[in-house]
1. Every residue in segment B:37-61 that is more than 6 Å from ligand 2 (Cβ to nearest atom) and hydroxyl-bearing (Ser, Thr, Tyr), please.
2. Scan segment B:32-64 for residues that are within 14 Å of chain A (Cβ to nearest Cβ) and farther than 25 Å from A:Leu45 by Cβ and jot them down.
3. Which of the residues spanning segment A:34-86 are touching an Asp or Glu at 6+ places or on another chain (Cβ under 9 Å), more than 20 Å from A:Gly8 (Cβ to Cβ) and among the basic types (Lys, Arg)?
4. Would you kindly identify the helices (runs of 4 or more DSSP H) lying entirely within segment A:5-90 that contain at least 3 residues that are more than 16 Å from ligand 2 (Cβ to nearest atom), within 13 Å of chain B (Cβ to nearest Cβ) and open to solvent by 40 Å² or more (accessible area, probe 1.4 Å)?
5. Among the residues in segment A:192-208, are any crowded, with 16+ Cβ neighbours inside 10 Å and within 16 Å of ligand 1 (Cβ to nearest atom)?
6. Among the numbered conditions (1) farther than 23 Å from B:Pro34 by Cα; (2) more than 9 Å from ligand 1 (Cβ to nearest atom); (3) more than 14 Å from chain B (Cβ to nearest Cβ); (4) open to solvent by 40 Å² or more (accessible area, probe 1.4 Å), tell me where A:Arg310 comes up short.
7. Report whether or not A:Leu203 is among the hydrophobic types (A, V, I, L, M, F, W, C), touching a residue at least 12 places away in the same chain (Cβ under 8 Å), part of a strand (DSSP E or B) and under 21 Å from A:Arg128 (Cα atoms).
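The values are calculated or read from the model by the stated rules, or taken from the named source; none is laboratory data. It should be emphasised that the depicted structure is a prediction, and the values quoted were computed from it without experimental measurement. With ideal geometry, Cβ positions are generated from the backbone for all residues, glycine too; neighbour counts draw on all protein chains shown. Remember, those area values only see protein heavy atoms, side chains included, never the ligands or the DNA or RNA. Shrake-Rupley method; radii C 1.70, N 1.55, O 1.52, S 1.80 Å.
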Amino acid sequence: MTGIVVVGGGQAGASLVAKLREVGYSGRLTLICGERVPPYQRPPLSKAYLKGDMDRERLFLRPESFYASQDIDLRLGDWVTEIDPAARLLKVGGETLAYSQLALTTGSVPRRLPALIGGSLGGVYVIRGLADIDAMAPEFVAGRRLLIVGGGYIGLEAAAVAASLGLEVTLIEAAPRILQRVAAPETSDYFRALHAAHGVRLLEGTSLDRLLGSGTVRAAALSDGRELETDFVLVGVGVSPATGLAEAAGLAIDNGIRTDEQGRTSDPAIWAAGDCASFPHKGTRIRLESVGHAIDHAECVAANMIGVDRAYIATPWFWSDQYDVKLQIAGLNTGYDRVVERSGESLSTSIWYYKGDQLLAVDAVNDPRAYMVAKRIIEAGHTVDPQLVQDPDTDLRHLLAIAAAPDTSAAAS
Amino acid sequence: MVAITYIEHNGTRHTVDVVVGKTVMEGARDNGIPGIEADCGGAFACSTCHVYVDPAWVDLLPAKEAMEEDMLDFAYEPDPVRSRLTCQVKVTDGLKGLVVQMPEKQI
Ligand SMILES: Cc1cc2nc3c(=O)[nH]c(=O)nc-3n(C[C@H](O)[C@H](O)[C@H](O)COP(=O)(O)OP(=O)(O)OC[C@H]3O[C@@H](n4cnc5c(N)ncnc54)[C@H](O)[C@@H]3O)c2cc1C
Ligand code: FES
C-alpha cells in the first residue's frame, strides 16, 4: 500500500496529517517540507518573533517527536519537483515516491520586487519564512533607517516592531491609503494615527520607482521624485498562491489550485488546502490567506480523503498585533456598501461592515467582546440593526440576543 | 517538569509532564491532547484554548487580565470563576498537579 503523501509542511499540512490520524487513517503517511524545520506558525514572524520576544522552538506547531509518535514520516528540507498524476508518482530530492492520494498544501510565495528596479540588491528582504526573518534580524538595530514597501497588515506589523526597537521607519503605500485592499477607511485611519504616534513616517499614494545602490541598497527613488536614504528594505507587497507544481502537473488553476467543495482538485486523487487553493464560497470562488482557514480547510480535506464527503464552509477570521493594539477580524467584508463604527473605552473601537441589512464583517480593535459577538452573529448567518450597533448604550449581549436572519420580506416587496 | 492533568469533556484523563515556562496550552498541544484547539497558536486572538480550572486551583493561578475576561465572556459556556484561556497561563513549579477540564467545544 502506497499511502497518502502531503506536500508542504506549513499550517495546513501539519493540520492535515494530524487530522488524518485523529479520524482513524492508519496507512502510510508522509509529510514533505521544503524548509529544514518542522511545520511552524508564521504569524509571529512579523510580530513577537521578529521583535525577539519569542523563542524559535515556540514557533513549531508540534514538537518534532509528535510526528514520529503518530507514525508520520516527516521529511525536512526536501522539495517536491514534479508530480505525475497518471502514474501517481512524485519526484522528491532525486527520489521517486508513489502515492495513493496526494494533498497539496504548498502555501504562498511572496511577491518580490523585480531585479530591474533593484529587487535583488543586498539588504532587501521579504517577510514569509523563518529563514527570511533570521536573515534580516541583525539589521534591526536602534537608530538604523528602514524602508517598508507596502502598507498591508504584514508591512504595518513589521513597522510596529521596528519602531518599538528604535529604528527610524518609513513606510510607503502605492494606494491612496494603507490597508486599502482589506479594510474600510475608518480602520486605515485608526492605524495611520497609531503609527504616526509611534514616529513611523507613512507615505500613502507613494510608490517605489527603484531601489538604488551597488551590491547593497543605499536609497530609494520614490514616485514623488524624492530620494530616500535607507539602510535596508522590507518588501510586503502581498503573496501569490504556490501553484507551480500543480500547474506543471496539469491540474486546473483558477486564482490558486482549483478545488471543489470537498477540497478535491481536477484530479480525483489529488486534494489541496490552505493558502494555495481556491474553493467555492457563497456562489463565488475565493482563496483565503489565514491561519484559521488553513486549519479548517485542511481538517475538512483530511476527513474527505478517508471518504467522509463533507462540504467546506469557511468561517473567516484574522488578527493583527501592532504595538499594544490587537485587531481581530470576523467575517469577510467583500462587497460591503456601508460601515458603522462603535466606539468603546479608551483606544478600543469596532468597525461593522454591512451589505444592505446583512452584517458581513467586523474589525474589532482592542475590543475582544465586540469580536466574539460579531463572529457568532456572522457565523450563524444572522444580522443586527446597524443603528443599535452604533449606539454605545446598546449592550453587546443584547445585540447577540436580538440578532436574527436578515429580513428578506422587505426586499421582496 | 511539572505534572498537569487535562480532562477531556468525555472524562478521559491525560497526565503529562510540561516544561516550566511553557503555557498550559502548549502542554496540551505538544502532547497531542484533544480538546484544546489553540487555533491562533497562543496569540491571544481566538479563545479556542478555553478550559475550566479545577476549583482547588482557581486561586493559585495568576489573576486574569481584562482582555482575558473579555474574551472568555463569549466563549462556549464560560464559568465566571473557573474559565481560563490556557495560552495565558504559564507553567511554574507552583502549578505541579494542576487539573483542568475541557469544555464540550471550543468556539
Ligand atoms: C509574516 C506573516 C504573518 C502572518 N500573520 C497572520 C495572522 O496574524 N493571522 C492569520 O490568520 N494569518 C497570518 N498569516 C497568514 C498565515 O500564516 C498563512 O495563511 C498560513 O501559514 C497558510 O498556511 P499554509 O499551510 O497554506 O501555507 P504555509 O504555512 O505557507 O506552508 C506551506 C509550506 O509548503 C512548503 N512547500 C511549498 N512547495 C513545496 C514543495 N514543492 N515541496 C515541499 N514543500 C513545499 C513551503 O516551504 C511552506 O513551508 C501571516 C503570514 C505571514 C507570512
Ligand atoms: S490559543 Fe488562541 S487565544 Fe489562546
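1. The answer is B:Tyr52, and nothing else.
2. Those that are within 14 Å of chain A (Cβ to nearest Cβ) and farther than 25 Å from A:Leu45 by Cβ: B:Ile33, B:Pro34, B:Gly35, B:His50, B:Lys64.
3. Within segment A:34-86, A:Lys47, A:Arg56, A:Arg58 qualify.
4. The helices (runs of 4 or more DSSP H) meeting that bar are A:64-69.
5. no
6. (1)
7. So A:Leu203 does not fit the description; no.
Here's the yes/no breakdown for (1) away from every other protein chain (no Cβ under 11 Å); (2) out of contact with any helix residue (DSSP H, G or I) (no Cβ under 6 Å at 6 or more places or on another chain):
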{"position": "A:Trp352", "(1), (2)": "yes, no"}
{"position": "A:Asp357", "(1), (2)": "yes, yes"}
{"position": "A:Ala374", "(1), (2)": "no, yes"}
{"position": "A:Gly381", "(1), (2)": "yes, yes"}
